[in-house]
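Student: I'd like to ask some things about the structure below.
Just so you know, all these numbers are worked out from the coordinates, no wet-lab data involved. This structure is a prediction, so every number in the text was calculated from the model and none was measured.
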Amino acid sequence: MAVVYIVEDDENIREIEEFALMNAGHKVLGFENAKSFYKQMGEVLPDLVLLDVMLPDESGNEIVRKLRKNPDTKKLPIIMVTAKTTELDLVKGLEDGADDYIKKPFSVMELISRVKALLRRLEPEEIKQVSLDELTLNNEKHEVTLDGKPVELTFKEYELLQYLLINKGIVLSRDSIMDEIWGMAYEGESRTLDMHIKTLRHKLGDFGNHIRTVRNVGYVIE
């Protein structure tokens with residue numbers, strides 16, 4: 001059972017999210033604004049945060065940036081819920097530090113699936129370390145370094161890079177990546193994978209060119 005905090009000012013949506021996640025076996029607390037959310041965060045940290053973008057007192061993007069600057073919440077899994085659907089808006093959320101996003105309106109099954117997938121943790125014992133040229137991913141420290149310098153990644157970006165590195169030189173289909181990282185079949189209209197690849201490449205700088213798009217198939221790192 002995970003502890004999930006929901007920050008959503010729309011009471012109807014918040015109640016739907018709370019009900020769905022409680023039925024999935026999670027302990028859930030809901031907040032209608034950033035102020036009440038921060039107060040609870042000072043008492044008990046959750047396992048995951050479901051965060052609306054448009055809030056009355058502070059934007060979800062600003063909340064994400066603050067959480068990522070705090071050492072205690074730097075790696076906290078965050079899913080943003082947004083009615084904004086442009087690529088620029090979605091990329092902005094990921095660049096600010098969100099691990100994933102769900103577009104409104106969404107189905108209850110999609111919500112549960114995204115939360116379940118993000119809560120899955122790869123055991124550090126399975127893979128200690130994997131490298132490619134000057135890039136190193138260390139699971140024991142849960143860190144990525146490039147030329148010896150740390151690269152700050154969200155949880156999903158970390159998982160995605162790890163999956164690519166484990167299979168370096170192998171072209172991975174979109175379906176296999178979505179199933180492995182998000183725990184669901186790829187949907188043609190979804191831009192989730194593309195957005196994460198884009199932000200991952202950006203954070204890796206010139207090394208991001210190692211991640212190659214294979215048209216009509218998927219991605220490969222080589």
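Student: Which percent, to the nearest 5, of DSSP beta bridges fully inside the chain are antiparallel?
Tutor: About 50 percent, rounded to the nearest 5.
Student: Starting from the Cα of K69, draw a straight line to each of the aspartates and glutamates and keep only those under 20 Å, dropping any in the same chain fewer than 8 residues away.
Tutor: Cross-link targets: E43, D47, D52, D57, E58, E95, D96, D99, D100, E143, E152, E157.
Student: I would also like to ask the following. Run the helix sum for the chain: -39,500 (n - 2.57) per DSSP H stretch of 4+ residues, divided by residue count, reported at 222 nm to the nearest 500 deg cm²/dmol.
Tutor: Helix contribution divided over all residues of the chain: -11500 deg cm²/dmol.
Student: For a 23 Å ceiling on Cα separation, which of these pairs sit above it: K156/K203; K75/K198; K35/K141; K39/K156?
Tutor: Check vs 23 Å cut-off fails for K35/K141; K39/K156.
Student: Counting only complete DSSP H runs, which helices of the chain cover 24 Å or more along their long axis at the Cα atoms and score a mean Kyte-Doolittle of 0.5 or above?
Tutor: Membrane-span-like by this rule: not one helix.
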